[in-house]
Amino acid sequence: MSFSLSRAGSAGLHLASIPCKASIAGVSWTVEENLVIVDEHGCVNLYDMFGNLQNSFAMLSTIGASDQTIKHVVVWNVGLVVLTNHMVLAACDDTNRQSPKVYSMETGLSPLQRIIAMTVLQPRFTSTGLLEVIVSTHDNSIVVVDVHGPEDQLLQDRFQAPIVAMAAAPNGRFVACFTTSGILTVLSASFTTKVLDFDTATSQQPLDMQWCGEDSVLLQWSHFILMIGPYGHWLKFSCPAPKHIIPEIDCCRMISTTSCELLQRVPSQIELIHRIGSTDLAAMLYDAVEALEDGDPKADDHIRSVASSEQIALAIRTNVSAAIAEMTPRQQMKYMQTAAYGKNFCQVGDFCASAFVAAAREMRVLNHLRLPDPGICITSKQYSVLGSRTLIARLLIRQQYALAMSISEYLALDQCDILIHWACAQCSRSRSTADCLLTDLIRTRFHPYECCIPYVQVALAAHNASRQALARALIESGVAMHEQVEVLLALAEHALAVRKALETCEVDIILFAISGKPNHDKCSGVDKSEMEQLVFPEVRQSAFDDADVYALSIRYHKWHAGCKYHSERLHLLLSTYSGGASLGINIVEEGYRDGKLESQFRALHDALRLFDNTKGAYFQHKVTEDQIHLLSMQTEYEHRFGVSCFVGMSVTETLYNLVALGSSQLETASSLQLEAFKMQRRFKIPDRRFYYVKIRALAASGKVELVQSFAMERKSPVGYKPFIDACIQHNYPTREVAKLVNRLSSPEEKVDYYVQLRLWDQAIDLAIRLRDPNVLCRVQDLCSDAKVVALCEEYKSRLH
């Protein structure tokens, strides 16, 4: 069976037709206006505004059984959840990815205990930050499913019949449930609070149930729609033919074969003005303007009833807000005229004129968007949530470039992104236009914005559209030389990129040109000797001196050091021009780059022999010798103590691990301590550094007795402050830390630690002895005990 889906705008303008072959399980929109079509076999296709296929992937790839089919589909934001006939859920959190990640969720149910209805709580609304799927079962309960498994909410006592329809509120706070007995129940999303029970007086299952904004629920039957408010108030609308209901943050859209309607609860500002018998200030100001237009002398009474300038300012703001929320231009004008009239009675400064101007701008933009073309009918709240930049992005999706430029100019927004999008689209769409003509057209449009338009993006778009000549022409349109090199490499124009780089006479750009080949293996593509013949003769003939040529050669071969050819050439260059020191360092780098312990030992010994025979390489010889000794000791430690925490560590880290291991392994503690002292002597670690490392390691073990024992061994070369700071950092008991504080010789240091440890009595006593009122003030600020605060105040008065 084959058929096609017709895609139209809100005003009914035809946009595209999408051919379909398999049976469709679900159709919906993502938040980025991509159409998601899911067939019964789990194939998901994403189409853009004009019916072009953007992506395709399988939803059942993570589920083993081959006989599974899709029974239900829920699309949320940019994600997707499907339910199979085996009662297994498959989910995708981001359909915009090139390769979307799909995962399955076990419901714990089977076809014999099947799911009747389901809805989704988005990750941003859940306490765990995970996607939660809410399903109803035949035993009158609700099960919440996430990646960790199902959790039955045990709600059998709250529902007298099975739930056949569910819907989550747009703000994620509530879940509406309709049972076979005709009862609509609204619960909190945590299922702990029942908000509403409403008897619809029918057991017939509704065709659809959705939220209208955040505080009302729509139920649709074959001939009418029932709207139920937060306190059980309801409205009934006749509906000759079924409609497709799409929920939104503050309203819902009802689409039929002949119309697209928007249903919204009356905004609160408009309700304040038009409620029967309203005495709100905004309503009085509105009535005053209506009376003035009718020539009624009561107009003066109405305006005088608004007592003060502040009240008039509030009434003006309410009318301006009502104008923004209103969707009819004629009524918007009335609200704005009311606000303008009220400004005549308002003192300067009570009402900001910029708010009036901003509201007028917003209404003009929204009113133009609501026209049949472009047909983007959104409310003021949706506009404030989306923002002007997202709105511009939606116009670009519809290829409404002229309107996007006009709105950007009107709202003083940056227009560069619009021009780039237009130019990229021209590269792929205007294939009948000659490259030279299209280049001139793009340059003409970009001319006023030359300083901020990146031609690179457009050139890459031309390359992706297989228009290489156009891409090269755009690159030369005032693009910086290093950007030209980058784009040419992306276009696989390596020889041209190198020649462009050579024109700059910049070593870094030339190195990037001959080494930075995006999306190519470092040792494939252009032949190595051929590349050298291309580059280095021209470098020598240019403005470079011998040192630059040598540096460029070294950096080029180091870039490709993983290749045997380049490794050999690098060794030859280093031994010829730099001697044994540079070659030895390079050998060590290659040995460590390999990652194997044997390679590291071999490289270090080879380098040591080179340093031995090289004049002036004493430092390198000494460092390499120490590293060999350290690596040998670390290898021995790991073999001897059965751990793997030494190899690759520095001297300080090795010493730290020895002490830490000794504090946890009592049977080998003495051996580990002895090895720590040996390491100190071998590498000539100063006592102060040794103490600092040992203090940190012992404190991290959590054993306060080891820290105190070390502090009492002999006079500490670093004092007792490091002991105290380490204990405080690891949250040791205050009484144990206080023992170390008492050993401090400086009273000022003692009192600081007493305050930090909240030992108020000791701090106050010492502050009195020091006659320091500042300490008492600190205690007052930090302590919440009224008695201590009063005592500080008493002693402060005595000190003064």
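The values are calculated or read from the model by the stated rules, or taken from the named source; none is laboratory data. The model shown is predicted, which means the values in this text are computed figures rather than measured ones. Glycine also receives a Cβ, built like all others from the backbone with ideal geometry; neighbour counts cover every protein chain displayed. To get the accessible areas, we keep the full protein, side chains included, count just its heavy atoms, and leave off ligands, DNA and RNA. Shrake-Rupley method; radii C 1.70, N 1.55, O 1.52, S 1.80 Å.
So if each residue of separation counts as 0.36 nm, and I subtract the Cα-Cα distance between residue 644 and residue 594, what length gain in nm does that give? Walk me through the numbers before you get to the answer.
On the way: separation 50, 0.36 × 50 = 18.00 nm, distance 1.91 nm.
Difference between extended and current length: 16.1 nm.
Could you state the orientation-averaged shadow area of the convex hull built on the Cα atoms of the stretch 90-176, in nm² to one decimal?
6.3 nm²
Would you mind telling me the share, in percent, of accessible area of the stretch 352-395 contributed by carbon and sulfur at probe 1.4 angstrom?
C and S atoms contribute 62 percent here.
So if I take the centroid of the Cα atoms in the stretch 378-410 and the same for the stretch 753-777, what is the distance between those two points in Å?
What the calculation gives is 63 Å, centre to centre.
Any idea how far apart residue 113 and residue 52 come out in nm if each label point goes 7 Å out from Cα toward Cβ?
Rounded to a tenth, the inter-label distance reads 5.0 nm.
What's the percent breakdown of Cα-Cα distances in the stretch 351-394 across 10 Å bins, shortest bin first?
For the stretch 351-394, the pair-distance distribution reads 25, 55, 17, 3.
Can you pull the Kirkwood radius for the stretch 29-139, inverse mean 1/r over Cα pairs, to one decimal in Å?
14.5 Å
Taking the Cα centre of the stretch 375-444 as origin, work out the dipole magnitude from +1 charges on Lys and Arg Cβ and -1 charges on Asp and Glu Cβ, in debye rounded to 20.
300 debye
What is the sum of charges around residue 676, taking Lys and Arg as +1, Asp and Glu as -1, for the other residues whose C-beta is under 12 Å from the C-beta of residue 676?
Numbers: positive: 678, 681, 682, 694; negative: 675.
Value of the local net charge: +3.
Sorted by accessible area (1.4 Å probe), largest first, how do 74, 31, 737 line up?
31, 74, 737
Provide the per residue accessible area, probe 1.4 Å, for the stretch 704-771, rounded to a whole number of square angstrom.
56 Å²
What residues have an amide H closer than 5 Å to that of residue 25, excluding those fewer than 5 places away on the same chain, when H is modeled at 1.01 Å from N in the peptide plane?
38, 39, 40
So if I place +1 on the C-beta of Lys and Arg and -1 on the C-beta of Asp and Glu, and nothing else carries charge, what would the dipole magnitude of the stretch 307-407 be about its Cα centre? I want it in debye, nearest 20.
280 debye
Relative to the Cα centre, what is the charge dipole magnitude of the stretch 196-338, using +1 at the beta carbon of each Lys and Arg, -1 at the beta carbon of each Asp and Glu, and rounding to the nearest 20 debye?
Taking the Cα centre of the stretch 196-338 as origin, the dipole is about 320 debye.
How big is the stretch 672-747 along each principal axis, measuring the range of its Cα positions in Å and listing the largest first?
Extents along the principal axes: 38, 26, 18 Å.
Would you mind getting the accessible area per residue of the stretch 240-297, heavy atoms of the protein chains only, 1.4 Å probe, in Å²?
On a per-residue basis, the stretch 240-297 sits at 57 Å².
Taking only the C-alpha atoms, wrap a convex hull around the stretch 134-287 and report its volume per residue in Å³ as a whole number.
150 Å³
Convert each backbone phi in the stretch 194-199 into a coupling constant with the Karplus relation 6.51 cos²θ - 1.76 cosθ + 1.60 (shift: θ = phi - 60°), then list the ³J(HN,Hα) values in order as whole Hz, x for Gly and Pro.
8, 8, 7, 10, 10, 8
Tell me, what does the Kirkwood hydrodynamic radius of the stretch 251-389 come to in angstroms if you use every pair of distinct C-alpha atoms?
Roughly 16.1 Å, rounded to one decimal.
Could you order peptides 418-427, 128-137 by the average number of other Cβ atoms within 10 Å of their residues, highest first? Please list the in-between numbers first.
Numbers: 418-427: 20.8, 128-137: 18.9.
So the order, starting with the most tightly packed, is 418-427, 128-137.
Would you grab the residues whose amide H sits under 5 Å from the one on residue 164? Only those 5+ places off in sequence or on another chain, please, with H modelled 1.01 Å from N.
Placed amide hydrogens put 178, 179, 180 under 5 Å from residue 164.
Using a Förster radius of 30 Å, what is the FRET efficiency between residue 280 and residue 237 based on their Cβ-Cβ separation? Nearest 0.05, please.
For residue 280 and residue 237, the calculated efficiency is 0.60.
With no solvent and one equal point scatterer per Cα, compute the Debye intensity ratio I(q)/I(0) for the stretch 314-364 at 0.15, 0.28 Å⁻¹ and report its log10, rounded to two decimals.
Once normalised to I(0) and log-transformed, intensities are -0.34, -1.11.
Per 5 Å bin, what is the whole-percent P(r) computed from every C-alpha pair distance within the stretch 1-79?
Going out from 0 Å in 5 Å bins, the stretch 1-79 shows 3, 14, 25, 25, 19, 9, 3, 1, 1 percent.
What are the extents of the Cα atoms of the stretch 185-276 along their three principal axes, in Å, largest first?
39, 38, 24
Measure off 7 Å from each Cα along the Cα-to-Cβ vector at residue 371 and residue 101, then give the distance between these two points in nanometres to one decimal.
About 4.5 nm, to one decimal.
Per residue Cα convex hull volume for the stretch 79-224, in cubic angstrom?
127 Å³
Among 646-659, 615-628, how do they line up from the highest to the lowest mean number of other beta-carbon atoms within 10 Å?
646-659, 615-628
Scattering from the C-alpha atoms of the stretch 597-750 alone, worked out with Debye: what is log10 I(q)/I(0) at q = 0.10, 0.12, 0.21 1/Å?
Results for the stretch 597-750 at q = 0.10, 0.12, 0.21 Å⁻¹ read -0.46, -0.61, -1.28.
Let me know the Kirkwood hydrodynamic radius for the stretch 688-796, please, with Cα pairs as the basis and the value in Å to one decimal.
Kirkwood hydrodynamic radius for the stretch 688-796: 14.8 Å.
For all pairs of alpha-carbon atoms in the stretch 224-320, what percent lies in each bin of width 10 Å, listed from the first bin to the last filled one?
Computed distribution, short to long bins: 13, 32, 21, 22, 11, 1.
How much length is gained on full extension from residue 188 to residue 294, taking 0.36 nm per residue of separation minus their Cα-Cα distance?
Taking residue 188 through residue 294 to full extension adds about 33.2 nm, to one decimal.
Please list the radius of gyration and Dmax for the stretch 387-443, considering alpha-carbon atoms only, with Å as the unit.
In order Rg, Dmax, the Cα atoms of the stretch 387-443 give 12.3, 38 Å.
Choose one of 232, 278, 328: the residue whose Cα lies farthest towards the positive end of the charge dipole of the stretch 231-363 (beta-carbon charges +1 Lys, Arg; -1 Asp, Glu; about the Cα centre).
My answer, from the dipole projection, is 232.
Label-point separation (nm) for residue 705 and residue 160, each offset 7 Å from Cα along Cα-to-Cβ?
Taking the two extended label points, one gets 6.8 nm.
With the other protein chains left in place, how much accessible area per residue, in square angstrom, belongs to the stretch 1-155 at a 1.4 angstrom probe?
47 Å²
Give the shape of the stretch 703-748 as rounded, prolate or oblate, defined through the alpha-carbon gyration tensor: a ≥ b ≥ c are the square roots of its eigenvalues, a/c under 1.5 means rounded, and otherwise the shape is prolate if a/b is larger than b/c and oblate if not.
Since a/c reaches 1.5 but b/c is at least a/b, the shape of the stretch 703-748 is classed as oblate.
Using alpha carbon centroids, what distance separates the stretch 228-279 and the stretch 696-714, in Å?
Result: 71 Å between the Cα centres.
Kirkwood Rh over alpha-carbon pairs of the stretch 599-677, then Stokes-Einstein at 37 °C and 0.692 mPa s: what D in µm² s⁻¹, rounded to an integer?
Calculated translational D: 239 µm²/s.
Calculated FRET efficiency, residue 386 and residue 138, Cβ-Cβ r, R0 35 Å, to nearest 0.05?
0.30
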